[in-house]
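What follows is one structure encoded as structure tokens, with my remarks underneath.
The values are calculated or read from the model by the stated rules, or taken from the named source; none is laboratory data. Because the structure is predicted, anything quoted here is derived from the model rather than measured. Backbone-built Cβ (ideal geometry, glycine too); neighbour counts: all protein chains shown. In case anyone asks, the SASA skips ligands and DNA or RNA and just uses the protein heavy atoms, side chains included. Shrake-Rupley method; radii C 1.70, N 1.55, O 1.52, S 1.80 Å.
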Amino acid sequence: MATPRAPGGSAVPESTARENTASGDRRPGAHTLRSGPGRLLVWFYGVFTVAAVSRSAAQILTRFDEAPLAYTLSAVAGLVYALITLSLVRGGEGARRVGLVCCTGELLGVLGVGAWTLAEPSAFPDATVWSDFGVGYLFLPVALPVAGLLWLRRKQPAGEGGR
């Protein structure tokens, strides 16, 4: 049996090749992001996607004029969560890079919006997903991007300083 090769011609570890072939996906490293702790991240980000998108959609459709900034920021959070979920499910190097960018953006958003809601509460007549650093969601909005960044960094290909 021939050793599987990545697009650049380098050999693919046998365990990765077996995992991808068994799942029907022949891309090297395609599912490594959603294995182990990655599965938990996929679950949390999936739940947060549904929660943030449905909440913001209902708020935007029924009472947008009450707190347009808050509802728009919640919609943005939902879209970021969706992109992270998709990148974790898709796997592969390109998806890992998208996940890193989105988790970094999410962390900056949570910290920025969290500080803004504390410094100028009058700007937010209603809460966002990221208000007060995610207090309404048990601070998971600030913990998830940290966990996501650690996981995505850990899954970096060996040639780029990862494991």
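Worth pointing out:
- Only a single item in (1) part of a helix (DSSP H, G or I); (2) of a type in the set (D, E, K, R); (3) in contact (Cβ under 8 Å) with a residue 40 or more places away in the chain is not met by ARG97, and it is number (3).
- Some residue of region 81-101 being of a type in the set (Val, Ile, Thr) and more than 13 Å from the chain's Cα centre (by Cα): no
- Residue that is in contact (Cβ under 8 Å) with a residue 12 or more places away in the chain and either open to solvent by 60 Å² or more (accessible area, probe 1.4 Å) or outside any helix (DSSP H, G or I) (or both), where the choices are VAL110, VAL129, VAL89: VAL129
- Condition check for ALA82: open to solvent by less than 20 Å² (accessible area, probe 1.4 Å), part of a helix (DSSP H, G or I) and in contact (Cβ under 8 Å) with a residue 24 or more places away in the chain: no
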